[in-house]
Amino acid sequence: MSTVLDGKKIAADIKAEIATKVERLKQQGARVPHLAIIIVGDDGASHTYVNGKITACKAVGFDYTLMHFASTMSEQKLIKHIHQLNEDEDIDGFIVQLPLPEHISVEKVTEELSPAKDVDGFTNQNFGSIFSKHPLLLPATPFGVMELIRRYNIETTGKHCVVVGASRIAGAPLSMMLTEEGQATVTLCHKHTMDLAAHTRAADILVVAVGRPDLITADMVKEGVIVIDVGTTRVKDSSKKSGFRLAGDVDYASVEPKSNMITPVPGGVGPMTIASLLLNTLRAYEMRFESTEV
Ligand code: GUN
(Lines give C-alpha, C1' and ligand atoms only; values in the text may rest on other atoms or scores of the structure.)
Protein backbone atom coordinates (compact mmCIF):
# COMPACT_ATOMS: atom_id res chain seq x y z
CA MET A 1 0.00 0.00 0.00
CA SER A 2 1.28 3.40 -0.95
CA THR A 3 1.63 6.14 1.69
CA VAL A 4 -0.29 9.24 0.70
CA LEU A 5 1.86 12.33 1.30
CA ASP A 6 -0.70 14.53 2.98
CA GLY A 7 0.34 18.08 2.13
CA LYS A 8 -2.88 19.44 3.53
CA LYS A 9 -2.10 18.04 6.98
CA ILE A 10 1.58 19.08 6.95
CA ALA A 11 0.56 22.58 5.79
CA ALA A 12 -1.97 22.72 8.65
CA ASP A 13 0.81 21.76 11.10
CA ILE A 14 3.05 24.53 9.71
CA LYS A 15 0.23 27.06 9.89
CA ALA A 16 -0.44 26.10 13.51
CA GLU A 17 3.27 26.63 14.30
CA ILE A 18 3.20 30.06 12.62
CA ALA A 19 -0.04 31.01 14.38
CA THR A 20 1.59 30.24 17.75
CA LYS A 21 4.51 32.55 16.89
CA VAL A 22 2.14 35.31 15.78
CA GLU A 23 0.16 34.95 19.01
CA ARG A 24 3.40 35.36 20.97
CA LEU A 25 4.23 38.54 19.00
CA LYS A 26 0.81 39.96 19.80
CA GLN A 27 1.23 39.17 23.49
CA GLN A 28 4.56 41.04 23.39
CA GLY A 29 2.76 44.04 21.88
CA ALA A 30 4.74 43.71 18.62
CA ARG A 31 3.17 44.21 15.22
CA VAL A 32 2.47 41.08 13.17
CA PRO A 33 3.93 40.13 9.75
CA HIS A 34 2.21 41.87 6.83
CA LEU A 35 1.96 40.35 3.33
CA ALA A 36 0.82 42.33 0.27
CA ILE A 37 -0.45 40.63 -2.89
CA ILE A 38 -0.63 42.30 -6.28
CA ILE A 39 -2.93 40.76 -8.87
CA VAL A 40 -3.36 42.19 -12.36
CA GLY A 41 -6.40 41.22 -14.42
CA ASP A 42 -9.26 38.80 -13.91
CA ASP A 43 -7.85 35.31 -14.50
CA GLY A 44 -10.20 33.04 -12.55
CA ALA A 45 -7.57 30.52 -11.46
CA SER A 46 -5.24 33.28 -10.24
CA HIS A 47 -8.02 34.82 -8.15
CA THR A 48 -8.75 31.40 -6.62
CA TYR A 49 -5.06 30.99 -5.70
CA VAL A 50 -4.90 34.51 -4.27
CA ASN A 51 -8.04 33.88 -2.19
CA GLY A 52 -6.30 30.79 -0.79
CA LYS A 53 -3.29 32.92 0.18
CA ILE A 54 -5.50 35.51 1.90
CA THR A 55 -7.42 32.81 3.79
CA ALA A 56 -4.07 31.43 4.97
CA CYS A 57 -2.93 34.89 6.16
CA LYS A 58 -6.14 35.25 8.14
CA ALA A 59 -5.74 31.75 9.62
CA VAL A 60 -2.28 32.48 11.04
CA GLY A 61 -3.03 36.07 12.11
CA PHE A 62 -0.90 37.92 9.52
CA ASP A 63 -1.97 41.31 8.23
CA TYR A 64 -2.54 41.34 4.48
CA THR A 65 -3.20 43.86 1.71
CA LEU A 66 -4.71 42.91 -1.63
CA MET A 67 -4.01 45.20 -4.59
CA HIS A 68 -6.09 44.34 -7.65
CA PHE A 69 -5.46 46.20 -10.92
CA ALA A 70 -7.09 46.11 -14.35
CA SER A 71 -5.45 43.97 -17.05
CA THR A 72 -4.81 47.16 -19.04
CA MET A 73 -2.41 48.47 -16.39
CA SER A 74 0.94 49.54 -17.82
CA GLU A 75 4.21 47.88 -16.91
CA GLN A 76 5.53 51.25 -15.72
CA LYS A 77 2.61 51.74 -13.35
CA LEU A 78 3.05 48.23 -11.92
CA ILE A 79 6.74 48.92 -11.32
CA LYS A 80 5.79 52.15 -9.52
CA HIS A 81 3.57 50.18 -7.12
CA ILE A 82 6.36 47.65 -6.59
CA HIS A 83 8.77 50.47 -5.67
CA GLN A 84 6.21 51.82 -3.20
CA LEU A 85 5.88 48.40 -1.55
CA ASN A 86 9.68 48.09 -1.43
CA GLU A 87 9.76 51.32 0.59
CA ASP A 88 6.66 50.73 2.71
CA GLU A 89 7.78 50.14 6.32
CA ASP A 90 4.51 48.36 7.15
CA ILE A 91 4.98 45.67 4.49
CA ASP A 92 7.30 42.75 5.27
CA GLY A 93 6.85 40.84 2.05
CA PHE A 94 4.85 40.93 -1.16
CA ILE A 95 4.16 38.93 -4.30
CA VAL A 96 3.00 39.69 -7.81
CA GLN A 97 0.64 36.89 -8.79
CA LEU A 98 1.46 35.23 -12.13
CA PRO A 99 0.60 35.05 -14.96
CA LEU A 100 0.69 38.74 -15.87
CA PRO A 101 -0.94 40.19 -19.01
CA GLU A 102 1.23 39.68 -22.09
CA HIS A 103 2.30 43.33 -22.42
CA ILE A 104 4.05 43.13 -19.02
CA SER A 105 7.46 41.42 -18.78
CA VAL A 106 7.56 39.05 -15.80
CA GLU A 107 11.36 39.07 -15.86
CA LYS A 108 11.59 42.85 -15.82
CA VAL A 109 8.96 43.31 -13.13
CA THR A 110 10.40 40.56 -10.89
CA GLU A 111 13.81 42.19 -10.75
CA GLU A 112 12.20 45.39 -9.40
CA LEU A 113 11.20 43.60 -6.19
CA SER A 114 13.47 44.14 -3.21
CA PRO A 115 14.98 40.64 -2.61
CA ALA A 116 14.38 41.13 1.13
CA LYS A 117 10.62 41.38 0.48
CA ASP A 118 10.43 38.88 -2.40
CA VAL A 119 8.57 36.15 -0.48
CA ASP A 120 7.95 34.16 -3.69
CA GLY A 121 11.73 33.81 -3.96
CA PHE A 122 11.62 34.73 -7.65
CA THR A 123 14.36 37.41 -7.88
CA ASN A 124 17.78 36.39 -9.22
CA GLN A 125 19.33 37.08 -5.82
CA ASN A 126 16.96 34.75 -3.95
CA PHE A 127 17.02 32.13 -6.72
CA GLY A 128 20.83 32.13 -6.67
CA SER A 129 20.91 31.86 -2.88
CA ILE A 130 19.77 28.22 -3.20
CA PHE A 131 23.47 27.42 -3.62
CA SER A 132 24.53 29.63 -0.72
CA LYS A 133 25.32 28.44 2.80
CA HIS A 134 22.77 31.00 3.98
CA PRO A 135 19.81 30.91 1.62
CA LEU A 136 17.62 34.02 1.70
CA LEU A 137 13.98 33.59 0.62
CA LEU A 138 13.63 30.34 -1.30
CA PRO A 139 11.14 29.89 -4.17
CA ALA A 140 7.88 28.90 -2.48
CA THR A 141 6.78 25.86 -4.53
CA PRO A 142 10.09 23.93 -4.41
CA PHE A 143 10.56 25.03 -0.78
CA GLY A 144 7.15 23.42 -0.09
CA VAL A 145 8.20 20.20 -1.83
CA MET A 146 11.44 20.05 0.17
CA GLU A 147 9.53 20.67 3.41
CA LEU A 148 7.16 17.80 2.55
CA ILE A 149 10.19 15.56 1.88
CA ARG A 150 11.76 16.61 5.21
CA ARG A 151 8.63 16.14 7.29
CA TYR A 152 8.01 12.65 5.89
CA ASN A 153 11.70 11.79 6.52
CA ILE A 154 12.19 10.81 2.88
CA GLU A 155 15.86 9.99 2.29
CA THR A 156 17.22 11.83 -0.75
CA THR A 157 20.98 11.43 -0.26
CA GLY A 158 22.41 9.50 -3.20
CA LYS A 159 18.92 8.79 -4.58
CA HIS A 160 18.09 9.34 -8.22
CA CYS A 161 15.56 12.19 -8.33
CA VAL A 162 14.01 12.85 -11.72
CA VAL A 163 12.32 16.23 -12.07
CA VAL A 164 10.05 16.67 -15.08
CA GLY A 165 9.49 20.33 -16.01
CA ALA A 166 12.20 23.01 -15.86
CA SER A 167 10.14 26.11 -15.07
CA ARG A 168 11.67 28.90 -13.06
CA ILE A 169 8.83 28.69 -10.53
CA ALA A 170 9.11 24.98 -9.77
CA GLY A 171 11.25 22.41 -11.63
CA ALA A 172 14.50 24.33 -12.14
CA PRO A 173 14.91 25.57 -8.54
CA LEU A 174 13.71 22.22 -7.16
CA SER A 175 16.40 20.37 -9.12
CA MET A 176 18.94 22.74 -7.53
CA MET A 177 17.56 22.20 -4.01
CA LEU A 178 17.53 18.42 -4.41
CA THR A 179 21.15 18.61 -5.54
CA GLU A 180 22.36 21.04 -2.87
CA GLU A 181 20.33 20.30 0.24
CA GLY A 182 19.04 16.89 -0.81
CA GLN A 183 22.47 15.55 -1.90
CA ALA A 184 20.62 13.62 -4.60
CA THR A 185 21.62 12.64 -8.12
CA VAL A 186 19.25 14.75 -10.20
CA THR A 187 18.00 14.47 -13.76
CA LEU A 188 16.07 17.51 -15.00
CA CYS A 189 13.76 16.72 -17.91
CA HIS A 190 12.04 19.35 -20.04
CA LYS A 191 10.02 19.73 -23.21
CA HIS A 192 12.97 18.79 -25.46
CA THR A 193 13.89 15.66 -23.49
CA MET A 194 14.02 12.59 -25.71
CA ASP A 195 12.44 9.36 -24.47
CA LEU A 196 10.98 10.86 -21.29
CA ALA A 197 9.78 7.44 -20.08
CA ALA A 198 13.35 6.07 -20.06
CA HIS A 199 14.26 8.80 -17.56
CA THR A 200 11.12 8.61 -15.40
CA ARG A 201 11.44 4.81 -15.14
CA ALA A 202 14.89 5.28 -13.62
CA ALA A 203 13.58 7.54 -10.83
CA ASP A 204 13.68 6.63 -7.13
CA ILE A 205 11.88 9.92 -6.53
CA LEU A 206 9.88 11.40 -9.39
CA VAL A 207 8.72 15.02 -9.26
CA VAL A 208 6.46 16.25 -12.04
CA ALA A 209 5.79 19.97 -12.56
CA VAL A 210 4.57 20.45 -16.11
CA GLY A 211 0.86 21.29 -16.07
CA ARG A 212 -0.26 18.45 -18.37
CA PRO A 213 -2.90 16.21 -16.78
CA ASP A 214 -2.07 12.50 -16.74
CA LEU A 215 1.31 12.96 -18.47
CA ILE A 216 2.82 10.24 -16.26
CA THR A 217 1.24 6.80 -16.54
CA ALA A 218 2.00 3.51 -14.77
CA ASP A 219 4.27 2.21 -17.56
CA MET A 220 6.53 5.24 -17.00
CA VAL A 221 7.47 4.50 -13.37
CA LYS A 222 9.27 1.72 -11.57
CA GLU A 223 7.85 -0.33 -8.71
CA GLY A 224 8.35 1.42 -5.32
CA VAL A 225 8.83 4.92 -6.71
CA ILE A 226 8.07 8.02 -4.59
CA VAL A 227 5.93 10.39 -6.65
CA ILE A 228 5.48 14.11 -6.04
CA ASP A 229 2.95 15.76 -8.35
CA VAL A 230 3.23 19.55 -8.58
CA GLY A 231 0.71 19.84 -11.44
CA THR A 232 -2.56 21.67 -10.85
CA THR A 233 -4.53 22.15 -14.03
CA ARG A 234 -8.19 23.16 -14.07
CA VAL A 235 -10.18 20.67 -16.16
CA LYS A 236 -13.89 20.87 -16.94
CA ASP A 237 -16.03 18.66 -14.70
CA SER A 238 -19.78 19.12 -14.89
CA SER A 239 -20.26 17.02 -11.74
CA LYS A 240 -18.61 19.80 -9.67
CA LYS A 241 -20.48 22.89 -8.51
CA SER A 242 -17.65 25.10 -9.81
CA GLY A 243 -17.73 23.30 -13.20
CA PHE A 244 -14.09 22.20 -12.93
CA ARG A 245 -11.69 20.08 -10.90
CA LEU A 246 -7.95 20.26 -10.32
CA ALA A 247 -5.93 17.61 -12.14
CA GLY A 248 -2.30 16.66 -11.47
CA ASP A 249 0.34 15.63 -14.01
CA VAL A 250 0.27 12.04 -12.78
CA ASP A 251 -2.40 9.48 -13.63
CA TYR A 252 -2.99 8.76 -9.93
CA ALA A 253 -5.25 5.73 -10.39
CA SER A 254 -2.69 3.76 -12.39
CA VAL A 255 0.52 5.04 -10.75
CA GLU A 256 -0.52 4.82 -7.07
CA PRO A 257 -0.50 0.99 -6.91
CA LYS A 258 3.12 0.89 -8.14
CA SER A 259 4.32 3.67 -5.81
CA ASN A 260 5.73 3.58 -2.32
CA MET A 261 4.59 7.14 -1.57
CA ILE A 262 2.54 9.61 -3.61
CA THR A 263 1.02 13.09 -3.31
CA PRO A 264 -2.66 13.56 -4.17
CA VAL A 265 -4.00 16.47 -6.25
CA PRO A 266 -5.52 18.46 -4.68
CA GLY A 267 -4.19 18.22 -1.13
CA GLY A 268 -0.53 17.47 -1.88
CA VAL A 269 1.93 20.14 -3.02
CA GLY A 270 -0.63 22.96 -3.41
CA PRO A 271 -1.21 23.59 0.32
CA MET A 272 2.55 23.31 0.90
CA THR A 273 3.20 26.18 -1.52
CA ILE A 274 0.93 28.45 0.50
CA ALA A 275 2.53 27.29 3.77
CA SER A 276 5.96 28.16 2.28
CA LEU A 277 4.74 31.62 1.35
CA LEU A 278 3.72 32.15 4.98
CA LEU A 279 7.08 30.81 6.22
CA ASN A 280 8.90 33.16 3.84
CA THR A 281 6.80 36.11 5.02
CA LEU A 282 7.65 35.30 8.64
CA ARG A 283 11.32 34.96 7.65
CA ALA A 284 11.25 38.32 5.80
CA TYR A 285 9.72 39.89 8.94
CA GLU A 286 12.40 38.35 11.17
CA MET A 287 15.23 39.32 8.78
CA ARG A 288 14.25 42.97 9.10
CA PHE A 289 14.92 42.84 12.82
CA GLU A 290 18.12 40.82 12.37
CA SER A 291 19.45 43.46 9.97
CA THR A 292 18.81 46.28 12.45
CA GLU A 293 20.54 44.50 15.33
CA VAL A 294 23.89 46.08 16.28
N1 GUN B 1 1.25 31.61 -10.19
C2 GUN B 1 1.32 30.27 -10.06
N3 GUN B 1 2.09 29.93 -9.01
C4 GUN B 1 2.52 31.09 -8.47
C5 GUN B 1 3.35 31.40 -7.35
O6 GUN B 1 3.87 30.53 -6.64
N7 GUN B 1 3.55 32.73 -7.13
C8 GUN B 1 3.02 33.70 -7.91
N9 GUN B 1 3.29 34.97 -7.61
N10 GUN B 1 2.25 33.44 -8.95
C11 GUN B 1 2.00 32.15 -9.22
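Numbers at a glance
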| quantity | calculated |
| --- | --- |
| Pairs from Lys108/Lys241; Lys77/Lys241; Lys117/Lys258; Lys9/Lys236; Lys58/Lys241 whose Cα-Cα separation, in the structure shown, is over 32 Å | Lys108/Lys241; Lys77/Lys241; Lys117/Lys258 |
| Translational diffusion of the stretch 113-180, µm² s⁻¹ [Kirkwood Rh, Cα pairs; Stokes-Einstein; 37 °C; 0.692 mPa s] | 266 |
| The stretch 64-173: radius of gyration over Cα atoms, expressed as a fraction of 2.2 N^0.38 Å | 1.22 |
| Dipole-positive endmost among Val22, Ser254, Leu215 within the chain (Cβ charges, Cα centre) | Ser254 |
| Accessible surface of the chain, 1.4 Å probe, proportion on carbon and sulfur as whole % | 53 |
| Value of D in µm² per second that Stokes-Einstein yields for the stretch 168-294, Kirkwood Rh from Cα pairs, at 20 °C (1.002 mPa s) | 131 |
| Probe 1.4 Å, protein heavy atoms only - accessible area per residue of the chain in square angstrom | 48 |
| Area projected by the alpha carbon convex hull of the stretch 222-294, averaged over all directions, nm² | 7.6 |
| Mean shadow area of the chain over all directions, Cα convex hull, nm² | 16.5 |
| Dipole of the chain [Lys/Arg +1, Asp/Glu -1 at C-beta], most positive-end residue of Ala172, Thr157, Thr3 | Thr3 |
| Angle in degrees between helix 269-292 and the longest Cα principal axis of the chain, rounded to the nearest 10 | 40 |
| 15 Å beta-carbon shell around Thr55, net charge (K/R +1, D/E -1) | +3 |
| Overall dimensions of the stretch 85-126 by Cα: Rg and Dmax, Å | 10.4, 31 |
| Rg over Rh [alpha-carbon atoms, Kirkwood Rh] for the stretch 1-121 | 1.03 |
| For the stretch 233-292 and the stretch 105-175, distance of Cα centres in Å | 15 |
| Mean Cβ neighbour count within 10 Å, used as a protection proxy, ranking 233-243, 85-95, 69-79, 117-127 highest first | 117-127, 85-95, 69-79, 233-243 |
| Along each principal axis, Cα extent of the stretch 20-91, largest first, Å | 44, 28, 10 |
| Length released on extending from Lys8 to Lys21, taking residue separation times 0.36 nm less the Cα-Cα span | 2.7 nm |
| Solvent-accessible surface (1.4 angstrom probe) belonging to Arg245, in square angstrom, nearest 10 | 100 |
| Computed E for Ser239/Ala45 - FRET, C-beta separation, R0 25 angstrom, nearest 0.05 | 0.85 |
| Centre separation in Å (Cα based) which lies between the stretch 198-228 and the stretch 18-79 | 34 |
| Potential extension, Phe69-Glu181 segment - 0.36 nm per residue separation minus Cα distance | 36.5 nm |
| Stokes-Einstein diffusion coefficient of the stretch 141-203, Kirkwood radius over Cα pairs, 25 °C, 0.890 mPa s, in µm²/s | 207 |
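The values are calculated or read from the model by the stated rules, or taken from the named source; none is laboratory data. Because the structure is a prediction, the values reported are computed rather than measured. Here the Cβ is made from the backbone with ideal geometry for all residues, glycine too, and neighbour counts use every protein chain on show. These area figures cover heavy atoms from the full protein model, side chains too; ligands, DNA and RNA do not enter into them. Shrake-Rupley method; radii C 1.70, N 1.55, O 1.52, S 1.80 Å.
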